[in-house]
Structures are given as structure tokens and as C-alpha cells.
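The structure under discussion appears below in the form of C-alpha cells.
The values are calculated or read from the model by the stated rules, or taken from the named source; none is laboratory data. Source: prediction; values computed, not measured. A quick note on method: Cβ atoms are made from the backbone with ideal geometry, for glycine too, and the neighbour counts reach across all protein chains shown. Just the protein is used for accessible areas: all its heavy atoms, side chains included, with ligands, DNA and RNA removed. Shrake-Rupley method; radii C 1.70, N 1.55, O 1.52, S 1.80 Å.
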Amino acid sequence: MQFSSLDQLKERLRLDRLPHLWCPGCGNGIITQAFLRAVISLDIDPDRLVIVSGIGCSSRVVEYLDFDTVHTAHGRAIPLATGIKLARPSLKAVVLAGDGDIAAIGGNHFIHAARRNIDITVIIFNNFNYGMTGGQYSPLTPQNEKAATAMKGHVEPPFDIHDLARGAGATYIARSTTWHALNLPALIAGGMEHEGFSVIEVIAGCHVNYGKRNQRETAVKMLQWQKEHFLPLDRFKVLNTREKKGRLPIGLLYSESRPEFTAHYRRVYRMGRQET
Amino acid sequence: MLQPHAKGSVTLMQGNRACAEAALAANMRFFAGYPITPSSEIADFLSTALPEKGGIFIQMEDEIASMAAVIGASLAGAKAMTATSGPGFTLMQELIGYAALCEIPCVIVNVQRGGPSTGLPTSPAQGDVMQCKWGSHGDYPIIVLAPSSVSETFDLTIRAFNLSEALRTPVILLSDEIVGHLYERIMLPQRDDIRLAARRAPSEPMPGSYRPYAVRNPREVPIIPDLGTGFHFHATGLIHDEEGFPTRDPQQAAALITRLHEKINCRKREICQVEKRRVDDAAVLLCSFGATARSCFQVVKDAREQGEKIGGINIKTLWPFPDFVFRELPPGVETIVVCEMNQGQIIGEVERAVCGRIKVKAVNDSSGTMMAPGEISSAVFKS
């Protein structure tokens with residue numbers, strides 16, 4: 001993938017909406033940059049891309065992106081994008097939202113969109129907590145880690161969003177971190193090119209609300225933790241069980257080809273060519 | 001599928017079917033819903049009929065998702081609707097507020113059944129009048145139309161789409177189990193006689209300079225582009241400025257909420273419809289809406305034959321409430337009897353409108369059975 005220039009990135013940003021509201025050292029900017037690099041590398045018509053988000057720190061990203069953007073209610077980005085995609089299949093639909101938004105309040109929508117295999121790309125900004133409201137635990141908070149609502153360590157086990165997406169029927173599942181930022185644009189571009197429901201989980205650092213309770217109180221410590229705990233799939237595979245504990249693989253974890261919902265619906269009802 | 005719109009025809013039709021047929025006649029091309037009685041027939045019919053018209057039907061995972069999909073489709077330019085009943089309507093409230101704030105046209109059909117909670121599936125009630133008005137949090141206006149017959153269901157469904165598209169607001173068609181499941185004679189209008197309002201679109205893309213929520217005066221309806229038309233429009237459930245971006249400016253916040261209300265309120269007289277019968281010389285007025293209005297009109301007819309000075313009002317537009325109708329009643333009206341299948345909801349609006357000048361009495365029924373004419377006449381004439 002050719003590395004896009006700063007000027008190219010700026011062309012896709014609503015510069016008048018900056019500065020953004022994220023804390024210094026937040027991982028969200030790295031993911032935003034990677035997303036834009038993916039969009040530029042695919043040479044997507046900026047008038048044909050709709051970006052939908054939910055509620056939370058990461059969901060505010062859409063305000064800064066110069067496309068058609070919809071900032072929906074908490075958890076509702078995926079079903080709203082489903083309506084957009086079904087009504088105008090020629091539009092490219094991307095959902096950008098956080099771990100609480102996608103896995104908790106929007107969890108039901110997530111699994112059903114995966115089951116349908118509708119052509120939507122979901123990028124999950126996973127910072128393990130609800131940053132905007134002060135650092136409460138989310139369904140992706142690791143067990144025993146601390147949060148504003150779990151000061152003795154989180155009692156519940158988390159979802160593995162990869163397993164959840166795969167079980168539900170997603171056909172492209174990738175994971176990366178903000179430390180492994182260089183791999184990220186290609187993984188996102190792969191998801192956007194994939195015809196079907198694609199999920200890219202990105203581990204993002206929130207040292208302000210999450211790290212401070214878990215001995216990772218600086219942005220650097222958050223990144224170091226990501227570097228130590230996530231490794232490429234091929235290297236992860238050769239680890240023994242003890243070495244795998246506490247670590248997760250990154251990269252393209254799963255992909256398959258299965259009829260995409262919007263196209264399949266139109267075939268079943270003999271609706272002919274998709275409108276433009 | 002009936003082809004009623006090429007030329008007018010008389011037929012026997014169910015209320016829910018009339019709603020679905022009218023929606024197709026209004027060029028509705030996107031339906032998302034979740035199964036619930038007594039609204040199921042609407043989804044059942046549209047699941048086959050919509051794709052034949054090039055439209056999309058989808059059964060979502062719940063009513064929250066249904067409302068989200070409807071909003072997404074509408075933002076993308078489709079006339080969109082959903083249909084539900086009490087428990088589902090409750091789940092839809094979250095995004096009805098979103099549609100009201102972001103000014104996204106959509107039609108929500110609520111075929112009322114007994115509540116609260118799972119209530120009485122599937123018996124009639126009229127307990128959702130206030131939920132329609134106040135169901136989502138915050139201070140927003142809404143338009144609610146209540147049909148009392150199969151024929152009115154057809155007409156008001158068309159009207160719901162027209163008001164929704166022209167004013168860029170969610171519109172609720174508040175039916176009930178009786179009207180929804182009733183089969184009766186309907187004269188379907190000729191296609192040419194159906195007048196449809198089109199959503200206004202900006203003439204050409206002006207990237208970077210377009211202010212979708214800007215209006216020249218607060219009564220105007222903003223011209224908001226559909227997604228995918230080159231405007232790079234931003235929709236948000238946050239209080240927004242004229243460009244559509246979040247603002248915390250007190251003046252802009254106040255201006256937005258005031259404008260949303262003014263958009264509906266300044267058109268109250270054109271939005272509000274009531275059907276009056278024998279009102280001119282009446283001393284007693286029976287006031288109702290939906291299925292109960294049918295019983296009221298029967299009482300008016302029967303009592304008039306007995307020489308009683310009685311009239312009736314069928315409120316077809318519940319919200320905004322047509323209070324001017326009640327303020328402008330003939331001076332001879334001494335008593336208004338408000339009949340509703342609940343413990344008293346629209347009566348509060350009638351009392352507010354007449355402001356103590358006319359005696360207001362209530363006939364309420366929460367039995368899950370239709371309020372029969374006899375029930376009303378004995379309540380009116382025994383005292």
C-alpha cells in the first residue's frame with residue numbers, strides 16, 4: 001500500500017472542526033489516520049462513502065471526517081447503516097464506534113448484522129472502557145482489570161469480539177492495535193474491499209480513564225502494553241499454551257466468501273440491477 | 001396485490017391492509033419492523049408487495065433496530081415506515097426523538113393494544129395518546145393522526161407521509177386493534193386523485209458552504225440533502241448549529257428547539273383535522289377519536305332521533321391537539337363528554353382548551369373491549 005501524504009489526509013478531514021475532543025495521547029487519532037489511509041488507498045469516491053457512528057469518545061470521529069456522516073444514538077450505528085445500505089446499495093457504509101457501543105448496548109445489532117452478512121465494515125475502537133463517562137467497565141474489559149465501576153478488579157469475563165463475530169457469521173475479521181499502526185490501513189482496506197460484514201477490532205489506548213487504574217497511566221505505557229501482549233498471527237500460532245496466556249493474535253484472523261445480504265435479497269426478489 | 005390506484009374502486013378491506021396499500025400508494029419504499037400483533041398484517045403484506053415495487057422489506061432484530069433502519073433509509077432518500085404496537089412502540093421512542101431532532105421524515109404506525117407492559121394481546125385500547133406526545137425524552141413536537149375507519153386509515157396514511165416529507169418530521173399513525181382488524185367497505189381513490197408531497201432537495205451540491213439546517217425564517221422547513229448526493233452532510237443527535245455540527249451555544253440551542261416547535265405549531269390549522277357531526281345546535285358534545293368515535297357518532301344519531309341536542313367530534317389529529325376547535329365551539333355547547341379507551345388522556349387537552357367555560361365529563365373504559373354505544377349513552381343520559 002502506498003503511503004498517503006499529509007496533504008491527502010487533510011483533504012479528507014473537516015479541518016474547521018478541529019481540534020478534536022480526544023485527550024492528548026489517545027489512540028483514536030491513530031485509528032482515524034489509518035482509516036483515512038485505507039480510504040485513500042482504495043480510491044473511494046468521497047461522495048459515495050457514508051460513515052456512521054454511535055455514542056462515546058470514538059464515535060465523535062465522524063464529525064472530523066469530510067464525507068456524509070451520521071452520528072447516531074448509543075449502539076444504533078449498525079442498524080442505521082443497515083437501513084442506508086439497503087435503501088442505497090451503491091453507497092459504501094462504514095461504522096466507527098467503541099467497544100461499549102458495539103459489544104454492549106449495540107451487541108444484538110452487531111450479531112444480527114454479522115448473521116445477515118450485510119456489506120458494512122465495522123471498525124471497533126476498543127479502549128476496554130467507557131472513556132467519555134469516566135472509565136466504567138465494558139463487555140471487552142479484561143477480567144480482574146480495574147474500572148470506575150470495578151475498583152476491586154472486573155468480576156466478569158470479557159467477550160472475545162473475534163469469536164463473537166465469527167460465531168455470528170461475520171465474513172472478514174481482523175484485529176490490530178494502535179502500536180501496530182503500520183499494519184492497520186491494509187487491514188481496514190481489506191475489510192472495506194470485502195463484500196460482506198467485516199469487523200476490524202483495534203485496541204486503542206485510554207491511559208486517562210483506563211490506564212491510570214491498571215498501571216498504564218501514560219500513553220507510552222499503553223503502547224508498550226499493546227506491543228507486549230499482541231503479536232502477529234503466525235508468531236502467535238507457534239506459542240505454547242503458557243505463552244499464549246494473556247496474549248492475543250493480530251492481523252487478518254478470518255475470512256470467507258458467503259452471499260452478501262443486500263445483493264442476495266435483490267436476487268431472491270428478482271429486483272434487477274442495483275440503483276446508483 | 002390490489003391495483004387500486006389506476007382507477008377508483010369499491011372493495012372490502014382490513015384496516016391494516018388499507019394502511020399498507022396507502023403506504024405503497026404514497027411511494028413508501030422501505031419498511032423495517034418486528035413482529036407484533038395487532039400490527040402484523042402490515043408487515044406480512046409488505047414483505048411481498050414492497051419488493052415487487054422495487055422497495056425493501058426487512059424484519060429487524062427488534063423495534064429499536066427497526067426504527068434505526070427506517071431512519072437510515074430515510075436519510076438515504078427513501079420514504080420509510082415501520083408498524084408496531086404498544087411494547088414495540090415503547091422501544092422505538094429512543095430514535096423517534098432522534099428523527100424529531102435531526103428532522104428525518106418517517107412514518108410510525110402504532111396499532112394500539114391494551115397495556116401497560118405486555119398488557120392485553122390483542123385487545124383494543126387507546127392508552128398510547130400521551131406516549132405519542134411525550135414518549136422520547138426531551139422537548140420535541142410530533143404529529144399524530146388517529147383513524148376511526150378503514151377508509152380513514154387509507155387517507156390518513158397518505159397524509160402521514162405527506163406531512164412527514166413536507167415538514168421533515170416523524171409522523172405517528174395511531175390506529176387501534178379495532179380499526180386495524182376491521183374489515184369494511186372502502187372506496188379507493190383513483191391514482192390521479194392521490195396528492196403526494198415530495199421532499200425538497202437542495203438544487204446542486206455546494207460542498208463546504210451548504211448549511212442544511214439554515215432557514216430564512218423560523219417557520220421554514222430546512223432543505224436537507226439525502227446521503228450520497230455530494231453534500232457531505234452531518235447528522236447528529238447532539239444539539240446542532242445550522243451546519244449540522246454540535247454546538248453548546250445557548251442561543252443556537254434555544255433557537256433550534258424553538259424552531260422545531262414553531263415548524264409544527266405555525267401550521268396547526270392546516271395539520272389539524274376533526275370531523276364534526278351535528279355540532280351547530282348541540283348542547284352536549286361527544287368527543288373521541290379512533291374506534292371509539294364510531295360509537296360516539298352512533299349515539300349522536302340515535303339520540304338525535306329521540307330529540308336530544310347532541311353532537312360529536314372525531315379528533316383525527318391528536319397532536320398537535322386542535323385546541324382552537326374547542327375554543328371556537330358554538331355558545332350553546334354546555335357539556336363535552338370525552339370518551340376514550342383509557343383512564344383519561346385526551347380529556348386533559350380538552351379541559352385545557354375550554355378552560356373551564358364548558359363542563360367536561362369523562363367516559364373511560366380499560367376493559368380491553370370496544371366502548372359500545374350503549375355504554376356511552378347510559379353514561380351520558382343517566383345523570
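What to note about this one:
- By the equivalent-ellipsoid construction on the alpha carbon gyration tensor, the stretch A:134-216 comes out with semi-axes of 28, 16, 8 Å, ordered largest to smallest.
- Where Rh is the Kirkwood radius over Cα pairs, Rg/Rh for the stretch B:190-294: 1.15
- A Förster radius of 35 Å, combined with the Cβ-Cβ distance separating B:Gln343 from B:Ala254, puts the computed FRET efficiency at roughly 0.50.
- Whole-Å distance, taken between Cα centres, linking the stretch B:46-120 and the stretch B:173-206: 16
- Set of lysines near A:Lys212 by C-alpha distance (under 24 Å), chain-local residues within fewer than 8 positions excluded: A:Lys146, A:Lys152, A:Lys221, A:Lys227, A:Lys245
- Using the Cα coordinates of the stretch B:125-232, the gyration tensor eigenvalues translate into equivalent-ellipsoid semi-axes of 33, 20, 10 Å, sorted from longest to shortest.
- Virtual spin-label span in nm between B:Lys359 and B:Arg199, 7 Å along Cα→Cβ: 5.1
- Peptide B:27-33 shows a mean partner chain C-beta count of 1 within 10 Å per residue C-beta.
- Fraction of antiparallel bridges per DSSP, the stretch B:106-255 only, in percent to nearest 5: 15
- Here the stretch B:9-193 is assigned +1 on the Cβ of each Lys and Arg and -1 on the Cβ of each Asp and Glu. Its dipole about the Cα centre then comes out at about 200 debye.
- Dipole size of the stretch B:274-381 about its Cα centre, with +1 on Lys/Arg Cβ and -1 on Asp/Glu Cβ: approximately 140 debye, rounded to the nearest 20.
- Based on every Cα atom in the protein assembly as shown, Rg and the maximum pairwise Cα distance Dmax equal 27.4, 96 Å.
- For the stretch B:239-369, the fraction of C-alpha pairs more than 24 angstrom apart is 40%.
- For chain B, a Kirkwood radius taken over Cα pairs fed into Stokes-Einstein (25 °C, viscosity 0.890 mPa s) yields D = 115 µm²/s.
- Each label was represented as a point 7 Å from its Cα along the Cα-to-Cβ direction; for B:Lys268 and B:Gln190 these points are 3.8 nm apart.
- Per-residue 3J(HN,Hα) values for the stretch A:250-257, derived from phi via the Karplus relation 6.51 cos²θ - 1.76 cosθ + 1.60 with θ = phi - 60°, read 10, x, 6, 8, 6, 7, 8, 10 Hz in sequence order (x marks Gly and Pro).
- Globularity ratio of the stretch B:24-107, using Cα Rg and 2.2 N^0.38 Å: 0.99
- Unit charges at the beta carbon, dipole of the protein assembly as shown: most positive-side option, B:Met341, B:Val144, A:Asn214: A:Asn214
- Inter-chain Cβ neighbour count for A:39-48, averaged per residue, equals 2 (cutoff 10 Å, partner chain atoms only).
- Helix A:28-41 vs. chain A, principal-axis angle (Cα, 0 to 90°, nearest 10): 30
- Burial of 30 Å² or greater, the stretch B:37-53 residues [accessible area, probe 1.4 Å, versus chain by itself]: B:Pro51
- Label-point separation, B:Ala166 to A:Glu193 (7 Å along Cα→Cβ), nm: 5.1
- Per-residue mean of C-beta atoms belonging to partner chains within 10 Å, peptide A:61-72: 6
- Cα-based convex hull volume of the stretch B:279-355 per residue, rounded to whole Å³: 84
- Pairs from the list B:Lys309/B:Lys382; B:Lys316/B:Lys359; B:Lys276/B:Lys316; B:Lys359/B:Lys382 with a Cα-Cα gap above 20 Å: B:Lys316/B:Lys359.
- Mean Cβ count within 10 Å, highest first, over the residues of peptides A:153-164, A:181-192: A:181-192, A:153-164
- Residues whose amide H comes within less than 5 Å of that of A:Asn127, counting only those at least five positions distant or on another chain, are A:Asp99, A:Ala204 (H built at 1.01 Å from N in the peptide plane).
- Most to least packed among B:269-278, A:171-180, A:123-132 [average Cβ atoms within 10 Å]: A:123-132, A:171-180, B:269-278
- Accessible area ranking (1.4 Å probe, heavy atoms, ligands and nucleic acids excluded), largest first, for B:Tyr210, A:Tyr265: B:Tyr210, A:Tyr265.
- Straight-line cross-link partners of B:Lys263 among the lysines, defined as a Cα under 18 Å from its Cα and at least 8 positions apart when in the same chain: B:Lys133.
- Rounded tilt (10° steps) of B:15-25 against the dominant C-alpha axis of chain B: 40
- Within the accessible area of the stretch A:6-268 (1.4 Å probe), percent carbon and sulfur: 54
- Estimated D of chain A in µm² per second, where Rh is the Kirkwood radius over Cα pairs and Stokes-Einstein applies at 4 °C, 1.567 mPa s: 69
- Debye-formula intensities of the stretch B:167-206, expressed as log10 I(q)/I(0) at q = 0.28, 0.34 Å⁻¹, are -1.02, -1.08 (one equal scatterer per alpha-carbon, no solvent).
- Contact surface B-A: accessible area buried, both sides summed, square angstrom, 1.4 angstrom probe: 3100
- Against the rule of thumb 2.2 N^0.38 Å, how large the Cα Rg of the stretch A:226-276 comes out: 2.04
- Distance between the stretch A:147-183 and the stretch B:281-321 - C-alpha centres, whole angstrom: 61
- Note, ³J(HN,Hα) from phi for the stretch B:155-170, Karplus 6.51, -1.76, 1.60, rounded to Hz, x at Gly and Pro: 5, 6, 5, 4, 5, 4, 5, 4, 5, 4, 6, 5, 9, 6, 8, x
- Bridgeable aspartates and glutamates around B:Lys361 (alpha carbons under 12 Å apart, same-chain partners fewer than 8 residues away excluded): B:Glu334, B:Glu340, B:Glu351.
- Folded to 0 to 90 degrees: helix A:77-87 orientation relative to chain A principal axis, Cα: 10
- Enclosed volume per residue, in Å³, of the convex hull spanned by Cα atoms of the stretch B:9-193: 99
- B:Ile172 long-range amide H proximity, modeled H, under 5 Å: B:Ile108, B:Ile143, B:Val144, B:Leu145
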